[in-house]
Amino acid sequence: MAYQYPEAPATVGDDLTTLQIHHLMKSPALLVKRAADLARQKFIADYLLTGRYQAVGGAILYETGEEIFPADEAEQIAPGGEYPRTTMTSGELAAAKTSKWGQDSSVTDEAISRLGVSPLDKAIRKVVNGMIRQGDGSALGVIGSQVTQSKAASAAWTGAGAADAIVDTVLETQAEYEEINDDYAFSYDTIVLKPTQFAAVAAALIKSDLVPRESQNFVLSGVIPDYLGFSWVTSKHVPFSDPFLLDREQLGGIATENIQSPGYSNMEGIEVKSIRDEDTDGYRVRGRRVFVPVVLEPRAGIRITGTGV
């Protein structure tokens, strides 16, 4: 009798058999791949806080407010002369403790048998989206509380002249605070808005004559490109009411703790696990994240007030 190869391993498509779905539930690698395919949303927190740190023992120590320039000026050196030494500056030491956030969702064998992979997709999507909502809300709340610099808009970002007011405000704020914080060499290039603010700003810029329309991409997509050299971003999880102008490269980062629990796979900061529950003939799909957002440079952000949006 010819040798029979075993059944092909489960793929991560939409036409899985019941047997393949059960195989997927037992495979952390396949489960996290499914989660990655279904996670339409992305962490805005991870986009704004670009640093990646490893928390050891449940906490991280970091310095804030560190200048990029030495304490002394450079000196002219004579031939054969020694170079003077400068005192290295350091920031203020701070600590942050990680928290473990998680959630389970149930999938029964009956649901898999009758509805295929759909119940699993719903369970994964809910868990992943819940982690994104919690992570973004937590990180954006930290940014909103740590950033204390503010600048009033030159005029309201609504009604006639809104586009001019938007341009004047963001360019003036950028120039003013890059000059004020010259010792830190910030480059304010990202604007964070609530969805309603994003819509109002996009509408004002689209309807103005300030946006080039040769390609029509801006008008057709309704998405603000890197207009004026800024990245315009939004999330429905933004908790603050005013737009923020940030240098996201220097603002801060996300510290994660690897507690090395068996059975978990990591997907863009979210750990996913499937737990077989024989008592109920089903599975628990779990998502968790062990992390803490940290703002290293509060001066890397400015709150823009009085916009009216």
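The values are calculated or read from the model by the stated rules, or taken from the named source; none is laboratory data. Because the structure is a prediction, the values reported are computed rather than measured. As a convention, Cβ positions derive from the backbone with ideal geometry for all residues, glycine included, and neighbour counts pool all protein chains shown.
Exactly one condition in (1) under 30 Å from Leu228 (Cβ atoms); (2) in contact with a helix residue (DSSP H, G or I) (Cβ under 9 Å, 6 or more places away or on another chain); (3) not aliphatic (A, V, I, L, M) is false for Gly141; which is it?
That leaves (2) as the condition not met.
Has segment 191-208 got at least one residue that is out of contact with any His (no Cβ under 6 Å at 6 or more places or on another chain) and under 18 Å from Gly252 (Cα atoms)?
Yes: segment 191-208 contains one or more residues that are out of contact with any His (no Cβ under 6 Å at 6 or more places or on another chain) and under 18 Å from Gly252 (Cα atoms).
Run down Val272, Val292, Val238 and say which single residue is surrounded by 21 or more Cβ atoms within 10 Å (Cβ to Cβ), of a type outside the set (D, E, K, R), assigned to a strand (DSSP E or B) and at pLDDT below 90.
Being surrounded by 21 or more Cβ atoms within 10 Å (Cβ to Cβ), of a type outside the set (D, E, K, R), assigned to a strand (DSSP E or B) and at pLDDT below 90 holds for just one of Val272, Val292, Val238, which is Val272.
Anything in segment 107-140 that is part of a helix (DSSP H, G or I), among the hydroxyl-bearing types (Ser, Thr, Tyr) and more than 30 Å from Pro298 (Cβ to Cβ)? List them, or say none.
Ser113, Ser118
For segment 111-125, which residues satisfy the criterion of being of a type in the set (A, V, I, L, M) and touching a helix residue (DSSP H, G or I) at 6+ places or on another chain (Cβ under 8 Å)?
Ala111, Ile112, Val117, Leu120, Ile124
Could you grab the pairs with beta carbons closer than 6 Å, sequence gap of 6+ or different chains, first residue in segment 169-196 and part of a helix (DSSP H, G or I), second one buried (at least 16 other Cβ atoms within 10 Å of the Cβ) and of a type in the set (Ser, Thr, Tyr)?
Sorted first by the residue in segment 169-196, then by its partner, the pairs are Thr169/Ser154; Gln174/Tyr188; Pro195/Thr234.
Among Thr280, Thr307, which is touching a residue at least 40 places away in the same chain (Cβ under 8 Å) and closer than 30 Å to Phe186 by Cβ?
The match here is Thr307.
Checking the conditions here, which among Gly159, Gly137 is closer than 30 Å to Ile275 by Cα and of a type outside the set (D, E, K, R)?
Gly137
Given the conditions (1) over 28 Å from Glu63 (Cα atoms); (2) out of contact with any strand residue (DSSP E or B) (no Cβ under 8 Å at 6 or more places or on another chain), and given that Gly282 satisfies all but one, which numbered condition is not satisfied?
Evaluating Gly282 over (1) over 28 Å from Glu63 (Cα atoms); (2) out of contact with any strand residue (DSSP E or B) (no Cβ under 8 Å at 6 or more places or on another chain) leaves (2) as the failure.
Within segment 111-156, work out how many residues are under 26 Å from Gln174 (Cα atoms) and free of Cβ contacts under 8 Å to residues at least 40 places away in the same chain.
Result for segment 111-156: 3.
Being at pLDDT 85 or above, closer than 24 Å to Phe240 by Cα and touching a helix residue (DSSP H, G or I) at 6+ places or on another chain (Cβ under 9 Å) narrows it down to one of Thr64, Thr108, Thr98, Thr50, so name that one.
Of Thr64, Thr108, Thr98, Thr50, the one residue that is at pLDDT 85 or above, closer than 24 Å to Phe240 by Cα and touching a helix residue (DSSP H, G or I) at 6+ places or on another chain (Cβ under 9 Å) is Thr50.
From the list Asp168, Asp226, Asp189, exactly one residue is among the acidic types (Asp, Glu), surrounded by fewer than 21 Cβ atoms within 10 Å (Cβ to Cβ), at pLDDT 85 or above and under 23 Å from the mean Cα position of the chain (by Cα). Which is it?
Asp189
When both residues are 6+ apart or on different chains and their Cβ atoms are under 8 Å apart, which pairs have a first residue that lies in segment 234-249 and is under 11 Å from Ala45 (Cβ atoms), and a second that is surrounded by fewer than 23 Cβ atoms within 10 Å (Cβ to Cβ) and among the β-branched types (Val, Ile, Thr)?
Partner pairs satisfying both residue conditions: Ser235/Ile44; His237/Ile44; Val238/Ile44; Arg248/Thr50; Arg248/Thr190.
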